[in-house]
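The values are calculated or read from the model by the stated rules, or taken from the named source; none is laboratory data. Keep in mind that this is a model prediction, so the values were computed, not measured. Cβ atoms come from the backbone with ideal geometry, glycine included; neighbour counts cover every protein chain shown.
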Amino acid sequence: MKVYVLLMVVAGALTVLLTPLVRWACLRWGIVPKLRSRDIQSTPIPRLGGIAITIALVITMLISARIPYMAPLFETNAAWAVVVERLAMCILGVVDDVVELDWLTKLSGQILIAGSMAFNGVQLVSFPIFGVTIGSSRLSLMLTVFLIVGIMNAVNFIDGLDGLAAGVVGIGAAAFFVYSYVLTRIMGQLHTLRLHLWRSLPWSESAWASCGSTSTHLQS
């Protein structure tokens, strides 16, 4: 847990430090898009805060790759795909905020980026609520792209109200973190029990005794 807290603090601190710099750069160079119909503010404000979040994420991920506890996650393409595609999505968003892309161009870019991320291993393989496993890799890829594009556009749609998008995404991220952390603990416990079961068979040299059974119950 300490590693996760450390990375959260690093990401949060970087975002807090970089956001004023990005805002200053937007005002300095006149990168302030016009008001949209869904905006509620009376005067235009810089909308490129995603740059600060992206830089903070990339730096945090690079730090994570150097931590022994997190390093195994970066042995596959999935983690790096998240980093690269996040950069690509940020660039697409910046272009859209500055020159106002038409919906077809923007959607095509989103599908291309989400498809690349899914192709590199970031895919939905099952629905955790109902326990339904997606048997086809092609169907898994298409569903992943559909969900990624749908969610990002849903978040983008509510971005006109200050703090709403950040709050919704923050709640979702917290829920995913808790779910993933608990699942990791459960899988780690099952792996430990499986190994100890093998060692507890007749040819083994140890037994659970009270220390094993009571501590296992407490851990559960």
Problem set entry | Among the candidates R185, R194, residue that is basic (K, R), loosely packed, with under 13 Cβ neighbours inside 10 Å and either at pLDDT below 60 or not in a helix (DSSP H, G or I) (or both) | R194
Exercise. So which residues in the range 14-40 are in contact with a helix residue (DSSP H, G or I) (Cβ under 8 Å, 6 or more places away or on another chain) and within 30 Å of S64 (Cβ to Cβ)?
Worked result: L14, T15, L18, T19, L21, V22, R23
Problem set entry | Selection within the range 3-49 - part of a helix (DSSP H, G or I), at pLDDT 85 or above and of a type outside the set (A, V, I, L, M) | Y4, G12, T15, T19, P20, R23, W24, C26, R28
Problem set entry | Residue tally, condition of a type outside the set (A, V, I, L, M), buried (at least 16 other Cβ atoms within 10 Å of the Cβ) and under 23 Å from I31 (Cβ atoms), over the range 73-112 | 8
Exercise. How many of the residues making up the range 1-22 are crowded, with 16+ Cβ neighbours inside 10 Å and closer than 17 Å to G50 by Cα?
Worked result: 6
For this session: Could you grab me the full set of residues in the range 52-70 that are out of contact with any Ser or Thr (no Cβ under 9 Å at 6 or more places or on another chain), among the hydrophobic types (A, V, I, L, M, F, W, C) and either at positive phi or assigned to a helix (DSSP H, G or I) (or both)?
Result: V58, I59, M61, L62, I63, A65
